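Chemist: First, the structure itself, so that you have it in front of you.
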Amino acid sequence: MIKQIHLVVASLLVLSSCLESGQQSGGSEGIDLFGIEAVLDARGSAVQPITSSLSPTERLLEATVTLLVSGNHQEVSQGSGVFIERNRLVTNFHVIEDGNEIEVYDAQRNYLGQGRVVSQDEMHDVAVVECIAVSRDVYFPVEKVDVKIGDEIFVAGAPTGLSGTLSTGIISALRDEDEFDVPLIQITAPISPGSSGGPVMDKNGKLIGIAVGSMTDGQALNFAVPSAQIKNLLDRD
């Protein structure tokens, strides 16, 4: 697990047709893993057809999902993810940890179906989820992408449960194992609880990683797991 990272996953009481915010559990210095909960009321909604000629940011939002994860005692946690194949997506390990049921929603809160974890890497905080009876036309193949400080990036996800949120920033630093046990990409794009597992895309439309957390002390000190770690997990399957 990443050194000095505190997992923040609260629980919500599921209420019909409402969005309710849970309390964050605990708190410590270091990086705060994002996993706040939200209640989505779109079960059974019809999925809209994909339009042609999508821009890179439209593709990013089209491929981004919100995950509603059920654990013990029917508690619900929420994170983000991104399709990397027609029926598989990637998210953070801490989003699905201890969960036994995963519901997948698109950026418009349309319910896509159930998911199941097919591989995971706790050390690098990565998990691959297969979506049952789902086939998506828009997804981001995982590659080892070269990045450098100053590169413009885009982040999509569901911060505080707000699905379909897009933010922008730059790569502000590349952190190695000496600082956080594993390599991380430091970014300035705003992320919040609920952003965990959301895709980070470069200006060329490539997936360079997934959002993982933020420093609790300071501003715009946010981090992503590099796509190389996702590829390493896929290559082990």
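Chemist: Could you sort the peptides 198-210, 217-229 by per-residue average Cβ neighbour count (10 Å cutoff), highest mean leading?
Modeler: The peptides rank, most packed first, as 198-210, 217-229.
Chemist: On to the next question. For the range 91-184, what number results from the quotient of the Cα radius of gyration and 2.2 N^0.38 Å?
Modeler: Working: Rg = 15.4 Å, N = 94, 2.2 N^0.38 = 12.4 Å.
After normalising by residue count via 2.2 N^0.38 Å, the value is 1.25.
Chemist: Let me ask another. Taking only the Cα atoms of the range 152-236, how large is their convex hull per residue, in Å³?
Modeler: Numbers: hull volume 8.3 nm³, N = 85.
Hull volume over Cα atoms, normalised by residue count, gives 98 Å³.
Chemist: Give me the number: length gained by fully extending Glu122 to Arg236, i.e. 0.36 nm times residue separation minus the C-alpha to C-alpha distance, one decimal in nm.
Modeler: Answer, rounded to one decimal: 39.6 nm.
Chemist: Let me ask another. Working out 0.36 nm times the residue gap between Lys144 and Ser53, then minus their Cα-Cα distance, what length gain in nm do you get to one decimal?
Modeler: Working: separation 91, 0.36 × 91 = 32.76 nm, distance 2.54 nm.
So the chain would gain 30.2 nm between Lys144 and Ser53.
Chemist: Enter the mean projected area of the convex hull around the alpha-carbon atoms of the range 170-215, in nm², rounded to one decimal.
Modeler: Numbers: hull surface 13.6 nm².
With the hull built on Cα positions only, its mean projection is 3.4 nm².
Chemist: If the cut-off is a Cα-Cα distance under 19 Å, which aspartates and glutamates reach Lys231, setting aside same-chain residues fewer than 8 apart in sequence?
Modeler: Within the straight-line cut-off, Lys231 pairs with Glu85, Asp121, Glu122, Asp125, Glu130, Glu143, Asp146, Asp176, Glu177, Asp181, Asp202.
Chemist: At 7 Å along Cα-to-Cβ for each site, give me the label-to-label distance between Ile170 and Ala133 in nm.
Modeler: Here the modelled spin labels are 4.8 nm apart.
Chemist: Within the set of other residues whose C-beta is less than 10 Å from the C-beta of Gly115, count the net charge using Lys and Arg as +1 and Asp and Glu as -1. Present the calculation step by step, with values, prior to reporting the outcome.
Modeler: Numbers: positive: Arg88, Arg116; negative: Glu101, Glu103, Glu130.
So the environment of Gly115 carries a net charge of -1.
Values quoted throughout were computed directly from the atomic coordinates according to the rules given, and no laboratory measurement underlies them. Computed from a predicted model, the values in this text were never measured in an experiment. Neighbour counts run over all protein chains shown; Cβ positions are idealised from the backbone, glycine included.
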